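Encoded as C-alpha cells, the structure appears first; notes follow it.
The values are calculated or read from the model by the stated rules, or taken from the named source; none is laboratory data. Predicted, not measured: the structure shown is a model, and the values here were computed from it. With ideal geometry, Cβ positions are generated from the backbone for all residues, glycine too; neighbour counts draw on all protein chains shown. Note: areas computed on protein heavy atoms with side chains; ligands, DNA, RNA excluded. Shrake-Rupley method; radii C 1.70, N 1.55, O 1.52, S 1.80 Å.
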Amino acid sequence: VQLQASGGGLVQPGGSLRLSCAASGSISGINFVGWYRQAPGKQREFVASMSGSSYTNYVDSVKGRFTISRDIPKNTVYLQMNSLKPEDSGVYYCLFRTNWGNAYWGQGTQVTVSS
C-alpha cells in the first residue's frame with residue numbers, strides 16, 4: 001500500500017491550494033488521518049488531523065484557514081488551504097494510522113507560498 005500526495009505547487013500569499021492523499025491499495029481500520037509539513041532546516045510538524053470520521057484538530061497557526069476532510073470509501077484525505085502565508089511553505093506529508101497500529105506516510109508534496 002502506498003499513499004500518493006498531490007496538489008502542491010507555487011501560490012501567491014493569500015491564495016489557496018487543495019492537497020489530496022490517496023491510498024493505492026485497500027487499507028482497513030483507518031482511525032486517524034493527518035497532515036504534517038517540513039520546512040527547510042526545520043523538523044516535521046503537525047498541521048491537521050481527523051480521528052474517526054469527524055473529530056478534527058489543527059495547529060494554532062492554521063486554524064480558520066485550513067480544513068481537513070476525508071472520503072472514507074475512497075481512502076482519501078484532503079487539506080483545503082486558504083489565505084496562505086509564506087510561513088506555510090514546506091513539504092506536506094500525509095499520514096494514515098489504523099486500529100492495528102500500522103502507520104503509512106505519503107511521499108510528500110511541495111507547497112511554496114511566494115510573491
### Summary
Each label sits 7 Å from Cα toward the beta-carbon; between residue 83 and residue 65 the label points are separated, in nm, by 0.8
### Summary
Regression test value, accessible area per residue of the chain, probe 1.4 Å, units Å², expected 52
### Task
Quick one: pull the percent of accessible area on the chain belonging to carbon and sulfur, 1.4 Å probe, ligands and nucleic acids left out.
46
### Task
Report the FRET efficiency, 1/(1 + (r/R0)^6), for residue 6 and residue 26, where r is their Cβ-Cβ distance and R0 is 22 Å, rounded to 0.05.
0.65
### Message
Using a 7 Å offset from the Cα along the Cα-to-Cβ direction at both residue 57 and residue 44, what is the distance between the two label points in nm, to one decimal?
### Response
1.6
